[in-house]
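Below is one structure; the comments refer to it alone.
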Amino acid sequence: RLAEHQAGKSTTPEAERILLQALALGEQLAREYPQRPEFAAGLARFQQSAGRLLAARKDPDAGRYYQAAVETARGAWERAERRPGLQAALAAHWQAWADYLIGQGEIAAAARVADELARTFPAGAAEQHQAARLLTRCIPLADLVKGDERIEEQTVVDFCTNRALHLLREAVRRGEADPAELASDSAFAPLRNAAGFEELVDPPPSTDPRE
């Protein structure tokens, strides 16, 4: 806990020293006790803290630690038979990694991370909504994408738009999202002019005679 606090509050050499010790201990515990997923979950927190500390210093190695935190947390979640508490922690690590990538202007990479988050939790309402928000957040930043990079043969804007709409459409279909709330949520403002958004938030009345 001290290492996490120090890394979150300071970039001093002392904070780095404490964090490096915590990382070493976390790696040892996770390696020696693979049947204890809480040790791997703790290591993932230290890895994210290391990413945060390095990012504050503009060290390019920061991304490697954010990614490692996701991979470590995912292993812990799977070994714990997808325990809900570890699922929430894993989703938070996905979020931190995507936030870092967006901050670095790596918009296509952030979109891929958001997509992987959604694919990891196909039945997770909170995580699907989280992924849709991240994808939508990438849309107005897509002009930062270098060259003609594409995702699944789509431009980054088209991929993010289509994927976010799909996730939200499925959430509405399952009763996990309210169309009126989506319409007023500023996080989804970049989708408002997209084909299909108006129908999503204001669907036509049903013609089913049974209703």
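The values are calculated or read from the model by the stated rules, or taken from the named source; none is laboratory data. Treat the numbers as computed from the prediction; the structure is a model and nothing was measured. Positions of Cβ are backbone-derived with ideal geometry, glycine not excepted, and every protein chain shown enters the neighbour counts. Protein only, heavy atoms only, side chains kept; ligands, DNA and RNA dropped before computing areas. Shrake-Rupley method; radii C 1.70, N 1.55, O 1.52, S 1.80 Å.
For the set Ser186, Ser49, the ranking by accessible area, highest first and with no ligand, DNA or RNA atoms included, is Ser186, Ser49 under a 1.4 Å probe. Run a plain Debye calculation on the stretch 64-211 (Cα atoms as equal point scatterers, no solvent) and give log10 I(q)/I(0) at q = 0.15, 0.20 Å⁻¹, rounded to two decimals, same order as the q list. Reported log10 I(q)/I(0), two decimals: -0.78, -1.21.
First measure r as the distance between the Cβ atoms of Leu29 and Ala180, then evaluate 1/(1 + (r/R0)^6) with R0 = 41 Å and state the FRET efficiency to the nearest 0.05. Could the numbers behind the result be given before it?
On the way: r = 48 Å, r/R0 = 1.16.
The formula returns an efficiency of 0.30 here.
Just to make sure I understand: if all protein chains stay in place, what is the order of Glu38, Glu170, Glu127, Glu71 by accessible area at 1.4 Å, largest first?
Values: Glu38 75, Glu170 50, Glu127 20, Glu71 110 Å².
Accessible-area ranking of Glu38, Glu170, Glu127, Glu71, largest first: Glu71, Glu38, Glu170, Glu127.
With the full set of protein chains in place, find how many percent of the accessible area of the chain is carbon and sulfur; take the probe as 1.4 Å.
On the way: 5770 of 11510 Å².
Carbon and sulfur together cover 50 percent of it.
Taking the Kirkwood radius as Rh and the Cα radius of gyration as Rg, the stretch 43-97 has a ratio of Rg/Rh equal to 1.03.
Between Ala189 and Asp61, what length comes free when the chain is fully extended (0.36 nm per residue of separation minus the Cα-Cα distance, one decimal in nm)? Write down the numbers at each step before the final one.
Values: separation 128, 0.36 × 128 = 46.08 nm, distance 3.32 nm.
Contour length minus the Cα-Cα distance gives 42.8 nm.
A simple spin-label model places pseudo-atoms 7 Å from Cα toward Cβ; at Arg36 and Glu81 they are separated by 2.0 nm. Computed over Cα pairs, the Kirkwood radius of the stretch 1-117 leads via Stokes-Einstein (0.890 mPa s, 25 °C) to a diffusion coefficient of 173 µm² per second.
Explain nothing, just the number: dipole magnitude of the chain about its Cα centre with +1 on each Lys and Arg Cβ and -1 on each Asp and Glu Cβ, in debye rounded to the nearest 20. If you can, show how the numbers build up before the last one.
Values: 26 positive and 32 negative charges, 162 e Å.
The calculated dipole for the chain is roughly 780 debye.
Once you have the alpha carbon radius of gyration of the stretch 98-141, what is it after dividing by 2.2 N^0.38 Å, with N set to its residue count?
Relative to the rule-of-thumb radius for its length, the stretch 98-141 sits at 1.07.
Can you give the longest run of the chain that contains no trypsin sites (Lys or Arg not before Pro) sitting in a DSSP loop with at most 13 other Cβ atoms inside 10 Å? Segment 83-145 is the longest. Overall dimensions of the stretch 146-193, expressed as equivalent-ellipsoid semi-axes from the Cα gyration tensor (√(5λ), whole Å, largest first), are 25, 13, 6.
How many Å² of accessible area per residue for the chain, probe 1.4 Å? Per-residue value: 55 Å².
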